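The values are calculated or read from the model by the stated rules, or taken from the named source; none is laboratory data. Treat the numbers as computed from the prediction; the structure is a model and nothing was measured. When we count neighbours, we look across all protein chains shown, and the Cβ atoms used for this are built from the backbone with ideal geometry, even at glycine. These accessible areas exclude ligands, DNA and RNA; they are computed on the full protein's heavy atoms, side chains included. Shrake-Rupley method; radii C 1.70, N 1.55, O 1.52, S 1.80 Å.
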Amino acid sequence: MAAENRGAEPELDVLVVGAGPTGLALGVDLARRGVRALVVERGDRLFPGSRGKGVQPRTMEVFDDLGVLDAIRAAGGPYPVGMIWRDGKRLGEHSMFDPPEDAEDDGAPFLEPWMVPQWRTQEILAARLRELGGRIATGHEAVGVEQDADGVTVRFAAGEPVRARYAVGADGGRSAVRRGLGVAMTGETLDPLPTLVADVGVTGIDRDNWHIFPPQDDGGDGGFLALCPLAGTAHFQLVARFPEDVAPGLSLDDIRRLVAARTHLTADDVTEVRWASDFRPRAALADRFRVGRVFLAGDAAHVHSPAGGQGLNTSVQDAYNLGWKLGAVLRGGAPAALLDTYEEERLPNAARMLGISTGVHRGEVRRGAATRQLGLGYPQSSLSEETRAGGAGPVVAGDRAPDAATPDGGRLFDVFRGPHWTLLTVGTDTALPPLGLPTARLAASTAYGPGVYLVRPDGYVGWAGATPDGLARYAARTGAVAPDGAGV
């Protein structure tokens, strides 16, 4: 870093390194809060592949709040039922997901995962970011990071360094930001066998099923292969495993030979390879999610097996947790200590989801309630303050705040939507302190139980009590209200 940049006044509030789903979701959340931010990407375009294609129900709720739900729904579709093939014949269906336990759950508008190829999710988030006035700069490969008491300076392989008050490394599993901080990642290789994933054009097979071709026993190529129709596109996602000493070929001819060897399709049925990559599934967790003014999020902080469909979703949750906290400190006058709760909340949460992903990969956990992420919360967080003895209902401080019908015919999620805290009372008409926050009142709710609730900007209950006693003090401590007493 040039000497003249060290200690210079930061030109940005936040520099986000990496324009994947994590960085873009964070950029959207910061932009709607009026935070001066820049999202940079090492490549000359956004990631072009389908890799993280499953959007879990909790992430659908986040996308609703960020203003991209309609586009996500229009771009994707439900997951198809699996179909097992052998020798060109259908052996029967295979359920990829356990059905929701309660199809009429009023507290969750979305109950099953929605398929959207990662490249399309990124396009939608990028469009929303630009709509809000946010900026994305491609061709910025981070190669170094330094910080001081006033800011962070990130250097790039080409071009001038950028200085910001805070920086976020959302630059993937090989994160240059994480390496620059000296943060270790602890993990394991889950499968020593190479895996190929590709987006391909295929004819001669229907798009109504997720087609699964198990390993063959005829002494031939013998490996596993699957073709999943990518919702909202004309392509399929191909996944195939290889022997440990084989390097998967990524060319059109390579993939044509592979499909012809492992399925009843011919080589000519593969018409296009839009994108292809190979990897060895692994699970890893960064030792820290924050070093001073620099935060780690997404794959830079945790790497999942794709089997569980949790990587992209856990990453978006990182961004959703960090965005409102940075906004509160930078624009709402909240104490800087609020930022300490990012690692406090997200590291154990990511560790839990990493365990679930690994369990799915090993066949120990089904894709179902555990993978939908609706049950995740922060009950042990220092931001969760439950003042009722033993709690008083199905929802306590730290839990996700469910949806419910409101007396005017609307929904609680309509009230929650936006970058603000929300006051909610259930079964009480007690007077509330004048915090200047949006307020909803329910005469009763089986989803909540009676009480007073202060719902965080990311949709979790921060404070809960039988009466408002202590609520104003909590709101001031956490930045729910600005120093002048107005809601943020």
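List of remarks:
- Among strands (runs of 3 or more DSSP E) entirely within the stretch 262-321, having at least 3 residues that are aliphatic (A, V, I, L, M) and more than 23 Å from residue 62 (Cα to Cα) singles out 270-279, 282-286.
- The stretch 374-383, subset in contact with a helix residue (DSSP H, G or I) (Cβ under 9 Å, 6 or more places away or on another chain) and not hydrophobic (A, V, I, L, M, F, W, C), residue nearest to residue 112 (Cα to Cα): 375
- Subset of the stretch 400-410 (residues that are open to solvent by less than 40 Å² (accessible area, probe 1.4 Å) and outside any loop (DSSP other than H, G, I, E, B)): 400
- Considering the stretch 350-374, the residues that are without any contact (Cβ under 8 Å) to a residue 40 or more places away in the chain and under 23 Å from residue 286 (Cα atoms) include one that is surrounded by the most Cβ atoms within 10 Å (Cβ to Cβ), namely 370.
- In the set 165, 155, 178, only one residue is over 26 Å from the mean Cα position of the chain (by Cα), surrounded by 15 or more Cβ atoms within 10 Å (Cβ to Cβ), at pLDDT 95 or above and under 29 Å from residue 32 (Cα atoms); that residue is 155.
- Residue in the stretch 241-257 that is aliphatic (A, V, I, L, M) and in contact with a Lys or Arg (Cβ under 9 Å, 6 or more places away or on another chain) present: no
- Of the candidates 347, 383, the single residue that is surrounded by 16 or more Cβ atoms within 10 Å (Cβ to Cβ) and in a helix (DSSP H, G or I) is 347.
- Put simply, of 303, 329, 270, 294 the only residue that is in contact with a helix residue (DSSP H, G or I) (Cβ under 9 Å, 6 or more places away or on another chain), at pLDDT below 95 and of a type in the set (Val, Ile, Thr) is 303.
- Restricted to the stretch 411-475, the set of strands (runs of 3 or more DSSP E) holding at least 1 residues that are surrounded by fewer than 19 Cβ atoms within 10 Å (Cβ to Cβ) comprises 439-442.
- Taking the conditions (1) among the polar types (S, T, N, Q); (2) open to solvent by less than 20 Å² (accessible area, probe 1.4 Å); (3) touching a Leu at 6+ places or on another chain (Cβ under 8 Å) in turn, residue 186 satisfies each one other than (2).
- Look at the stretch 81-96: where a residue is over 26 Å from residue 372 (Cβ atoms) and a partner is open to solvent by 30 Å² or more (accessible area, probe 1.4 Å) and of a type in the set (A, V, I, L, M, F, W, C), sitting 6+ places away or on another chain with Cβ atoms under 9 Å, you get 85/91; 90/84; 91/84.
- Selection of first residues in the stretch 113-140 that are more than 28 Å from residue 160 (Cα to Cα) and in a loop (DSSP other than H, G, I, E, B) and of second residues that are of a type in the set (A, V, I, L, M, F, W, C) and open to solvent by less than 20 Å² (accessible area, probe 1.4 Å), restricted to Cβ pairs under 6 Å at least 6 apart or on distinct chains, gives the following pairs, ordered by first then second residue: 116/55; 116/72; 116/75; 117/230.
- Boolean, residue 203 is among the hydroxyl-bearing types (Ser, Thr, Tyr), closer than 27 Å to residue 296 by Cα and in contact (Cβ under 8 Å) with a residue 24 or more places away in the chain: no
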